[in-house]
1. Please give the residues of region 113-131, grouped as numeric ranges, whose backbone N is less than 19 Å from a label point set 7 Å along the Cα-to-Cβ vector of Ala72.
2. Of the listed peptides 91-97, 74-80, what is their order by residue-averaged count of other C-beta atoms within 10 Å, with the highest listed first?
3. Beta carbons within 10 angstrom, averaged per residue: use that to sort the peptides 252-260, 193-201, 151-159, highest first.
4. So what is the orientation-averaged projected area of region 57-173, using the convex hull of its C-alpha atoms, in nm²?
5. Among the listed pairs Lys305/Lys407; Lys308/Lys407; Lys89/Lys407; Lys61/Lys310; Lys114/Lys246; Lys73/Lys305, which are separated by more than 31 Å between their Cα atoms?
6. What number comes out for accessible area per residue over region 329-382 if the probe is 1.4 Å? Units Å², please.
7. Using a Cα-Cα cut-off of under 20 Å, which aspartates and glutamates could be cross-linked to Lys411, ignoring same-chain neighbours fewer than 8 residues away?
8. With point charges of +1 on the Cβ of Lys and Arg and -1 on the Cβ of Asp and Glu, referenced to the Cα centre of region 86-154, which listed residue (Leu132, Met100, Thr144) lies farthest in the positive direction of the dipole?
Amino acid sequence: MPRSKKKSKRGAQPGQPFSDEDASIETLSHCSSYSDSVSVAEEAGESGEDSAQDDFQFKLKVYIDSTVDKSAKTRQGALDSLKTAMATKILYEFILEQRMTITDSIERSLKKGKGEEQRAAASLACLLCIQLGSGLESEEVFKTLKPIFRTVLFDASANIQARQACATSLGLCTLVAEDDILDVCGTMELFESLFMRSYTRADGSRPSLSPQTTQLHTNALLSWALLLTICSGNQIRTVLHKHLPKLPGLLESDDVNMRIAAGETIALLFELARDVEPDFDDEDWESLCEKLSALATDCNKHRAKTDKRKQRSVFRDVLKAVEEGGFQSETIRFGTERMTIDSWVRKRTYDSFREFVGSGMNYHLQSNEFIRDVFQLGPPMLIDSATLKAMKTSRLERHLYNAAAFKARTKARNKFRDKRVDVGEF
């Protein structure tokens, strides 16, 4: 607050006019008081932010300590809280100091925990690597956890949800932290040994698997496809020869997630193959297109409506990718920036990160240097709140834009919908 403006009775004689010198002194006093109040407010704001940051880090340390609690419920809650914090904030400096402690907690939970605790620990390991980025620190973390991931993944007696989580986490951690391409290939072979168990047998029969085991194979296939995005041309050729003839068999799976994962992987393989060989053509191209077309217009009554709707949308894009080499691009907006998902490689990478970061994906696209580097977005942009507010569109502009987008989307979708003919009454 500015200081009191009351003048001392000793300052001027009664009846004497207020001089210019007195006016200047009063003005300087007022400006000085205002300046002091602003500086005090700024210091109070900074100290408030520092205090909030200290409180937040104190909570994180409490969560880290709770990961070794005797209660399994407490440990799982602490792991989930750490996951939420890492998914929604950039904590590089804090995590850099605490990484080995957090790694020890993850290792302990993966080895001695059960079910949900192992799942939470596996997911936390991915977020830890995402926060640290690609470097020596994340390599150290992954070097410690990789053998445990593999052990849980292939332990038939382990909880199936824990195995599913390890299949997904091993794939993303390998992408982020593995520095040797030969080790990447070795991990891909591990995934192959899992999802190939869902391939059609030589006699044409399909293996009978539980839904949980099918989901494990689906996760292994998606992680394998993620690592496929960083393979060399020669490796792509080897994969095409080995897997492209057999992957279409997974399109006949009873599980919708497996069918979709197989379809997206096939589209990814065709995209990578055409990058290596522009004139690439598959021998069974016509039969594959027939299968994809059937799935894009699937009307089987024994399948759930939501499954059919989800499947049709995906396989229209997959069919377009196989037939024409096209991709239905998507624009992601975050802050004042935009990123276009314009390829199957980019889509598989984006979907993998979003699976762990969730609703915090836009924040990480803005502020996480590693993720920005993966998507070639450049250094993070620093924009003050006033500029950000000025750049926001008005409510009316957003309404008009959404209305136009809805109209265009409806027209585009009508092209794919069945045109029913009114026959009338006889």
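The values are calculated or read from the model by the stated rules, or taken from the named source; none is laboratory data. As the structure is a computational prediction, the values presented were derived from the model and not from experiment. For neighbour counting, all protein chains shown are included, and Cβ atoms are generated from backbone atoms with ideal geometry for every residue, glycine included. We work out accessible area using only protein heavy atoms, side chains counted, and drop any ligands, DNA or RNA first. Shrake-Rupley method; radii C 1.70, N 1.55, O 1.52, S 1.80 Å.
1. 113-124
2. Values: 91-97: 14.7, 74-80: 20.9.
The densest-packed peptide leads the list: 74-80, 91-97.
3. Numbers: 252-260: 18.8, 193-201: 16.9, 151-159: 14.2.
Ranking the peptides 252-260, 193-201, 151-159 by packing returns 252-260, 193-201, 151-159.
4. Working: hull surface 25.3 nm².
Its average projected convex-hull area is 6.3 nm².
5. Details: Lys305/Lys407 25 Å; Lys308/Lys407 24 Å; Lys89/Lys407 37 Å; Lys61/Lys310 42 Å; Lys114/Lys246 35 Å; Lys73/Lys305 37 Å.
From Lys305/Lys407; Lys308/Lys407; Lys89/Lys407; Lys61/Lys310; Lys114/Lys246; Lys73/Lys305, over 31 Å: Lys89/Lys407; Lys61/Lys310; Lys114/Lys246; Lys73/Lys305.
6. Numbers: 2810 Å² over 54 residues.
In whole numbers, region 329-382 has 52 Å² accessible per residue.
7. The qualifying aspartates and glutamates are Asp317, Glu330.
8. Thr144
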